[in-house]
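Structure record follows, encoded as structure tokens.
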């Protein structure tokens, strides 16, 4: 798959990240869309079949692909693996972050809830936090920024998980250790605090903004969840398409997330 086709895949399957990726320079966009296409394919893997063993095999396929890329072997020919391998080679991406992202998605195969808050937060960090770090790394971020970038990713991932919670519950999943309004508000507050504490990292590092801008919906969703957690459980935090685009433009123009 070409980088252009990766962009089409992300535009259809992850429109929020697609908008942020399109604010990057033409030379940086391919790296972001390849990463986001990889994330999308891995996130979908547990959902394409009801057979747990087959879903495990699909994720193992991605784990093996990551190993091939980083061990100097010719990576398997695949529409997303091929562009991803080029990005890894050219941008020096973090192997552990990629591998941990795949590993964390094994949780999505099963119906069990996270054992506790620590498990839930580890899942959010490995998926959304790791992806934020990888995207920023592709734009030139160094290790000194990793912790802050992961915290922005954690806030974005928390917001996304809360938005998806009603659909996940309807599908028979248990995405949260507890789904009471109190627990939902507390999780949202945790994500909001992470975003507040790292807002300057987005504002002051213009080169990284196309990556950190992927958290552009997080503040609004998390604030709503703190104020009215029932709305999250009832699936009422979605936005109209017009409202979504207006909010994105506001975040882009003001340089704030």
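Note on residue 197 and residue 244: the model spin-label points, each 7 Å out from Cα along the C-beta direction, lie 3.1 nm apart. Only DSSP H runs of four or more residues enter the estimate; each adds -39500 (n - 2.57), and after division by the residues of the chain the mean residue ellipticity at 222 nm equals -21000 deg cm²/dmol. With a Förster radius of 22 Å applied to the C-beta separation of residue 52 and residue 96, the computed FRET efficiency comes to 0.30. In the stretch 76-216, the convex hull through the Cα atoms has an average projected area of 9.2 nm², a quarter of its surface area. Between the C-alpha center of the stretch 159-234 and that of the stretch 33-61 there is a gap of 23 Å. Full extension of the segment from residue 89 to residue 186, taken as 0.36 nm per residue of separation minus the current Cα-Cα distance, would add 30.9 nm.
Give me the log10 of I(q) over I(0) for the chain at q = 0.15 Å⁻¹, as the Debye formula computes it from C-alpha points; what are the numbers? Listed by q, the Debye log ratios stand at -1.09. Packing-based ranking of 11-18, 142-149, 129-136 yields 129-136, 11-18, 142-149, ordered from highest to lowest mean Cβ neighbour count within 10 Å.
Read-outs: derived from the displayed coordinates by stated rules, not from any lab. Quick caveat: nothing in here was measured; it's all calculated off a predicted structure. Glycine gets a Cβ as well: all are built from the backbone with ideal geometry, and neighbour counts include every protein chain shown.
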